[in-house]
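Inspection log for the structure reproduced underneath, given as structure tokens.
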Amino acid sequence: MIHQIFPSASAGPLGPEQLEELYRYPDDRTRLAVNFVSSADGAVSVDGGSAGLGTPPDREVLDLGTDLADVVLVAAGTATAEGFTGVKPDERAARRRERYGLREVPVTAVVTSSGKSLAADSPVLTDTLVPTLVFTCSSVPLGLREDWTAAGAEVVLTGDDEVDLARVVAELSRRGLHRINCMGGPALFGSLAEAGLVDELRLTLAPFLVSGEAGRIARGAGMDPARLELVSVITDDDTLLMRYRVRDSSSH
């Protein structure tokens, strides 16, 4: 059972509605939250994927972030490696979304500057309830972009040779998709952080030692350290689930 240990220890386990209130997105402006799970020794993957690090409370909170979002943002490589499909809310998620006045199905948005890791038959494009948004560049071959469109996606150009992530967030906001739930991967997180677009990091510390060559949760050119403010910590099944707010994150 999930208990809160910060900012104040809960007297008993948190119920579903208490978790919802803890993880809901503020309504005052567009917010971008990034989700990652890491082993105790800092690994973000096992055998090339994050599934091996998952625990029941991590999966519960991960689902909650999607249930309360307007859009799930993911890099094409991560969507392919993790076998992403479009979001398909179950009965609990549907009730949750209705209770918070959200549209029936959250949109999935995929980011790719090269197009190389996003095949036209990818489930994230074809196995969906609503059209997937593909944010990409004019340098990606027209034929591939047309294949994505034929597969049911909506292709949005946001750069010449590299996706402009500020334009991505602005476009999502323009469409009324203000609650952005980013599912990685590390390169996308690093680029979003470097651009000052991340409002919140939702980090699960999983009770595993992995060692090996697994990477870290953010990867990129590097940046001046961004100061984080701890918002909440909950725990269950030897797992710590932390929310950090990025101080002075830009208003989108």
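The values are calculated or read from the model by the stated rules, or taken from the named source; none is laboratory data. Source: prediction; values computed, not measured. Glycine also receives a Cβ, built like all others from the backbone with ideal geometry; neighbour counts cover every protein chain displayed. All accessible areas refer to the heavy atoms of the entire protein, side chains included, with ligands and DNA or RNA removed. Shrake-Rupley method; radii C 1.70, N 1.55, O 1.52, S 1.80 Å.
Quick notes on this structure:
- Scan of region 31-61 for residues that are out of contact with any Lys or Arg (no Cβ under 8 Å at 6 or more places or on another chain), over 15 Å from residue 209 (Cα atoms) and in contact (Cβ under 8 Å) with a residue 40 or more places away in the chain, ordered by number: 32, 56, 57, 58, 60
- Test for residue 38: is it open to solvent by less than 60 Å² (accessible area, probe 1.4 Å), in a loop (DSSP other than H, G, I, E, B) and of a type outside the set (Val, Ile, Thr): no
- When the strands (runs of 3 or more DSSP E) confined to region 94-185 are screened for residues that are open to solvent by 30 Å² or more (accessible area, probe 1.4 Å), those reaching at least 1 such residues are found at 154-157, 179-182.
- Every residue from region 75-93 that is open to solvent by 20 Å² or more (accessible area, probe 1.4 Å) and part of a loop (DSSP other than H, G, I, E, B): 82, 83, 84, 85, 87, 88, 89, 90
- Residue count for region 41-54, restricted to those that are open to solvent by 20 Å² or more (accessible area, probe 1.4 Å) and part of a helix (DSSP H, G or I): 2
- Hey, residue 202 crowded, with 21+ Cβ neighbours inside 10 Å, within 19 Å of the chain's Cα centre (by Cα) and not in a helix (DSSP H, G or I) or not: yes
- Within region 1-25, the set of residues being part of a loop (DSSP other than H, G, I, E, B) and open to solvent by 60 Å² or more (accessible area, probe 1.4 Å) comprises 1, 7, 8, 9, 11, 13, 24.
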